[in-house]
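First comes the structure, then the notes that go with it.
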Amino acid sequence: MMFFLFTGDFKGCAHFTPNRDETSVVTFVHQRNATWGMIWAIVGYTPSVFVKMYQRGGEGWLGHATCGSVYIPYNADVAFRVAGEQADAKIPANDIESLVLSI
């Protein structure tokens, strides 16, 4: 699996809208185990991505405070403007590990 690091501006997603004043990091938790994915597909389960939003300034000794979470479809598009590009890119949520948001 290849990983890419992009710098730019998060534009949004139809399934969630983080408040940039409250949220510093958005993580995407995937269900990518092929065996379990096949078993879940047989019983009619649709793959999803768990999105967790972490509170700005919420770092502590025992973890990081969250300010929201949501399940979104694995193929939901996240709009992102890569630095230096003229148009927004639509990146599937299943391909994203995390986003660091600025205010």
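The values are calculated or read from the model by the stated rules, or taken from the named source; none is laboratory data. Small disclaimer: the values here were computed from a predicted structure and weren't measured. Every residue, glycine as well, gets a Cβ built from its backbone with ideal geometry; the counts of neighbours run over all protein chains shown. Surface accessibility is based on the protein's heavy atoms, side chains included, excluding ligands, DNA and RNA. Shrake-Rupley method; radii C 1.70, N 1.55, O 1.52, S 1.80 Å.
Per residue, the accessible area of the chain comes to 70 Å² when a 1.4 Å probe rolls over the protein heavy atoms. Placing +1 on each Lys and Arg Cβ and -1 on each Asp and Glu Cβ, with no other charges, gives the chain a dipole about its Cα centre of roughly 140 debye. Taking the Cα centre of the range 47-103 as origin and assigning +1 to Lys and Arg Cβ atoms and -1 to Asp and Glu Cβ atoms, the resulting dipole is close to 160 debye. At a 1.4 Å probe radius, carbon and sulfur cover how many percent of the accessible area of the chain? Carbon plus sulfur share of accessible area: 57 percent.
In plain terms, the chain from Gln55 to Ile39 could stretch by 2.3 nm, reckoned as 0.36 nm per residue minus the Cα-Cα distance. Computed over the range 37-103, the alpha-carbon pair-distance distribution with 10 angstrom bins reads 17, 36, 30, 15, 2, each value a whole percent. Net length available on complete extension from Glu22 to Leu62 is 12.4 nm, with 0.36 nm assigned per residue and the Cα-Cα distance removed.
The heavy atoms of Glu85 present about 110 square angstrom of accessible area, all protein chains included, probe 1.4 Å. Exposed loop sites here are trypsin sites (Lys or Arg not before Pro) in DSSP loop states with at most 12 other C-beta atoms within 10 Å. What is the longest stretch of the chain lacking them? It runs 33-103. Each residue of the range 31-36 was assigned a 3J(HN,Hα) from its phi angle through the Karplus expression (A = 6.51, B = -1.76, C = 1.60, θ = phi - 60°), giving 10, 9, 6, 4, 5, 5 Hz with x at Gly and Pro.
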